[in-house]
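J.: My questions will all concern the structure given below.
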Amino acid sequence: MKTVKELQELLNAKQAELAAIFEKAKTKVDGEDRYDLTPAQLEDVKARNAELNDIGVQLEAAKELDVIYQKNQKAIRDGGRPAGQLPLGGNAGGAGSGDSRRTEAKSLGELFVESEQYTGRKSAKEIKANFEEYDFLERKTLMETAAGWAPMAQRIGRVAEFAMRRPVIADLIPQTPTEAAAITYMEETTFTNNAAAVLEGGEKPESALAFTERTANIREIATWLPVTEQQIEDVPVVRSVIDNRLQTMLALAEEVQLLTGSGVAPNLEGFLVKAGVQSQAKGADPTPDAVYKAMTLVRFTGFAEPSAIVFHPNDWQDVRLLRTVDGIYIWGSPAEAGPERIWGLPAVITTAETENTALLGDFQLYSEIFRRRGATIAVSNSHSDYFIKNKLAIRADERLALAIYRAAAFAKVTGI
C-alpha cells in the first residue's frame, strides 16, 4: 500500500489534471464563466472523479492506519497498552470520539457533477458551473509578454543589403592606371588609299593620311556620408559596411557615366552619346534581325568585330521569350536558364542600359578606361561643427577617364 505522502501527491496531481480540463473548456459568456464539454469529455470527467474518490478513500485509510501506528508507538514508549483499532470512519479519543462520522472533502469533479447546472443540463453547451467561490479557480491579473517579461531577441551578423543592380559594364573594357590629368591620343581621321597597279615608268598614285589629337579628361566621381564617432566606436563592423557601400555607390554612378555620360564637365562622354557611334533602328524587324544588322554596321563601316552586347532586362526578356510558330522557345526550354548570347555575342543584362536600346561593339580593342585614382575612402572631423559634436564625414571618390578610340566600332540598336 502506498504511503500517505505518495497518495497525497497522487491526489494533487489528479486534481491538477482535472482542473486543467475545465480551464481549457472555460469560455466567457456575458461576463460569466461557462464550461463547454463534449459528451466524451463529460465521461472522462466522471471517470476521473471516480478515480479521485478512490484515491481519497485510500488516503483516508492510510491516515487512519498512520494514527493507529503513532498511538501504538506512543503507548509502547509510555509502557501502556497498544491503542485499540479504530474503525476507518472514526476518531481516536478526545472530543467527538463517539461520533464515527467523518466529513469527506469533495473533489473538483464531484463539485461539477453535483452542480445544479450539470444535473439540470439540456445539452453539453448549456453546462455552466460557477466555482468562483473557491480560491483555486480565482482569476488574477494575467502576466503576458506585453506587460510582463519581454523575450530576449537575437540579432545575427547578417546585413540584408538594399536591392541594387550589379555593376558589369566596366568588366567589358580594358583598364589602365595613369598619373596624368588627361589622356591624349592621336586618331587617324583621314585614310586615303590610292594604291594601285601602275605601268612601267608610270606615275605612282598619291595616298593621304591625317591625324587628329583627341583628349579624354580625367573626371571625378564622389560621395560622402556623415556618421557619429560613437557609432563607429560602439559597432566596429559599421565602418567596413559603410566603406563597402560607398565604394558600391561609386561603381554604380561610374557605370551610368560609361554608358550615358554627356561629356560636358564634370561628366564622362559615354558610349550612347559619343559622336560617330552608329545606329540601327529596329523598325519592323525582329530584335535578333536588328541586332545582326547593327553587327554588320560595325563590321562594314567600323571594320571591327563586336565583342559583346548590352541589353536592358525588359528588352532581353522579349528576346528570351521568342518562340516559333508552333510554340517552341528559340532561346531554349523554360526548364533551362538558356544562353545569354545572341549571334555569338555574350549579352550583358543591366538596368544601367537605356530601355529600348541595345549597345554592341568591340569593347576590347576600341575603348579603354584610365584610372587616375581608384576608389579611395577618407575620414575627417575637421569641420568645426563636426569636431565639437563628435561627428565624422566619410568620403569616397575616384578619378577616371573613358577613351573611345573608334566610335564606328560601336552601334546602337534603337526601338527594341
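J.: When the residues of the range 362-380 are narrowed to those that are among the small types (Gly, Ala, Ser) and surrounded by 16 or more Cβ atoms within 10 Å (Cβ to Cβ), which ends up farthest from ALA393 (Cα to Cα)? Break it down into steps so the answer makes sense when it comes.
T.: Pass one, the range 362-380, residues among the small types (Gly, Ala, Ser): 367, 374-375, 378, 380.
Add one more test, that the residue is surrounded by 16 or more Cβ atoms within 10 Å (Cβ to Cβ), and what stays is 367, 375.
Numbers: SER367: 35, ALA375: 16 Å.
Among those residues, the one meeting the criterion is SER367.
J.: For the range 333-355, name all the residues that are out of contact with any Lys or Arg (no Cβ under 7 Å at 6 or more places or on another chain) and assigned to a loop (DSSP other than H, G, I, E, B). Spell out how you get there, then give the answer.
T.: We begin by selecting, within the range 333-355, every residue out of contact with any Lys or Arg (no Cβ under 7 Å at 6 or more places or on another chain); these are 333-337, 339-346, 348-349, 353-355.
Matches in the range 333-355: SER333, PRO334, ALA335, GLU336, ALA337, PRO339, GLU340, TRP343, GLY344, GLU353, THR354, GLU355.
J.: Among (1) modelled with pLDDT under 95; (2) surrounded by fewer than 16 Cβ atoms within 10 Å (Cβ to Cβ); (3) in contact with a helix residue (DSSP H, G or I) (Cβ under 8 Å, 6 or more places away or on another chain), which single condition is ASP234 missing?
T.: ASP234 satisfies every listed condition except (3).
J.: Search the range 282-293 for residues that are of a type in the set (D, E, K, R) and pair each with any residue that is not in a helix (DSSP H, G or I) when their beta-carbon atoms are under 6 Å apart and the residues are at least 6 apart or on different chains.
T.: LYS282/GLY415; LYS282/ILE416; LYS293/GLN280
J.: Which one of these does VAL291 not meet: (1) part of a helix (DSSP H, G or I); (2) among the β-branched types (Val, Ile, Thr); (3) over 12 Å from LEU360 (Cα atoms)?
T.: (3)
J.: Can I ask one more? From the set of residues in the range 301-320 that are assigned to a strand (DSSP E or B) and not β-branched (Val, Ile, Thr), which is farthest from SER367 (Cα to Cα)? Give the steps one after another, and end with the answer.
T.: Kept after step one, since they are assigned to a strand (DSSP E or B), are these residues of the range 301-320: 308-311.
When the remaining residues are screened for being not β-branched (Val, Ile, Thr), the result is 308, 311.
Working: ALA308: 13, PHE311: 19 Å.
Among those that are assigned to a strand (DSSP E or B) and not β-branched (Val, Ile, Thr), it is PHE311.
J.: Would you pick out the residues in the range 179-209 that are in a strand (DSSP E or B) and either touching a residue at least 60 places away in the same chain (Cβ under 8 Å) or under 60 Å from the mean Cα position of the chain (by Cα) (or both)?
T.: The first filter runs over the range 179-209 and keeps only residues in a strand (DSSP E or B), leaving 182-192, 208-209.
Answer for the range 179-209, where residues must be in a strand (DSSP E or B) and either touching a residue at least 60 places away in the same chain (Cβ under 8 Å) or under 60 Å from the mean Cα position of the chain (by Cα) (or both): ALA182, ILE183, THR184, TYR185, MET186, GLU187, GLU188, THR189, THR190, PHE191.
J.: With the checklist (1) out of contact with any Lys or Arg (no Cβ under 8 Å at 6 or more places or on another chain); (2) surrounded by 13 or more Cβ atoms within 10 Å (Cβ to Cβ) in hand, flag the one item ALA294 doesn't pass.
T.: Condition (1) is where ALA294 drops out.
J.: Please work out which one of (1) more than 35 Å from the chain's Cα centre (by Cα); (2) at pLDDT 95 or above is the condition ASN356 fails and give its number.
T.: It fails just one condition, (1).
J.: Being part of a strand (DSSP E or B), closer than 23 Å to ARG214 by Cα and small (Gly, Ala, Ser) is the requirement here; does ALA411 meet it? Quick ask: steps written out before the conclusion?
T.: Values: part of a strand (DSSP E or B): yes; closer than 23 Å to ARG214 by Cα: yes; small (Gly, Ala, Ser): yes.
Answer is yes for this residue.
J.: Okay, next question. Looking at the range 214-244, which of its residues are within 30 Å of SER262 (Cα to Cα) and in a strand (DSSP E or B)? Outline the logic, then answer.
T.: Narrowing the range 214-244 to residues within 30 Å of SER262 (Cα to Cα): 214-226, 242-244.
Correct list: ARG214, THR215, ALA216, ASN217, ARG219, GLU220, ILE221, ALA222, THR223, TRP224, LEU225, PRO226.
J.: Also: Determine if the range 246-253 includes at least one residue that is outside any strand (DSSP E or B), outside the structural domain of THR350 (by TED's automatic domain parsing) and modelled with pLDDT of 95 or more.
T.: First, pick out the residues of the range 246-253 that are outside any strand (DSSP E or B): 246-253.
Next, from what is left, pick out any that are outside the structural domain of THR350 (by TED's automatic domain parsing): none.
No: the range 246-253 contains no residue that is outside any strand (DSSP E or B), outside the structural domain of THR350 (by TED's automatic domain parsing) and modelled with pLDDT of 95 or more.
J.: Just to be sure I understand the filter: pairs with C-beta atoms under 7 Å, separated by 6 or more residues or on different chains, first member in the range 1-30 and at pLDDT below 80 and in a helix (DSSP H, G or I), second member of a type in the set (Asp, Glu) and surrounded by 13 or more Cβ atoms within 10 Å (Cβ to Cβ). Which pairs pass?
T.: Pairs found: ALA25/ASP36.
J.: Another question, if that's okay. What tally of residues in the range 211-230 results from selecting those that are farther than 24 Å from ALA401 by Cβ and either touching a strand residue (DSSP E or B) at 6+ places or on another chain (Cβ under 9 Å) or of a type in the set (A, V, I, L, M) (or both)?
T.: First, the residues of the range 211-230 that are farther than 24 Å from ALA401 by Cβ: 225-230.
Cutting the leftovers down to either touching a strand residue (DSSP E or B) at 6+ places or on another chain (Cβ under 9 Å) or of a type in the set (A, V, I, L, M) (or both) gives us 225-229.
Matching residues across the range 211-230 total 5.
J.: Of the conditions (1) in contact (Cβ under 8 Å) with a residue 24 or more places away in the chain; (2) touching a strand residue (DSSP E or B) at 6+ places or on another chain (Cβ under 9 Å); (3) hydroxyl-bearing (Ser, Thr, Tyr), TYR329 satisfies every one except a single condition; which number is it?
T.: In the conditions (1) in contact (Cβ under 8 Å) with a residue 24 or more places away in the chain; (2) touching a strand residue (DSSP E or B) at 6+ places or on another chain (Cβ under 9 Å); (3) hydroxyl-bearing (Ser, Thr, Tyr), TYR329 misses (1) alone.
The values are calculated or read from the model by the stated rules, or taken from the named source; none is laboratory data. Small disclaimer: the values here were computed from a predicted structure and weren't measured. Note that we place each Cβ from the backbone using ideal geometry, even for glycine, and neighbour counts take in every protein chain shown.
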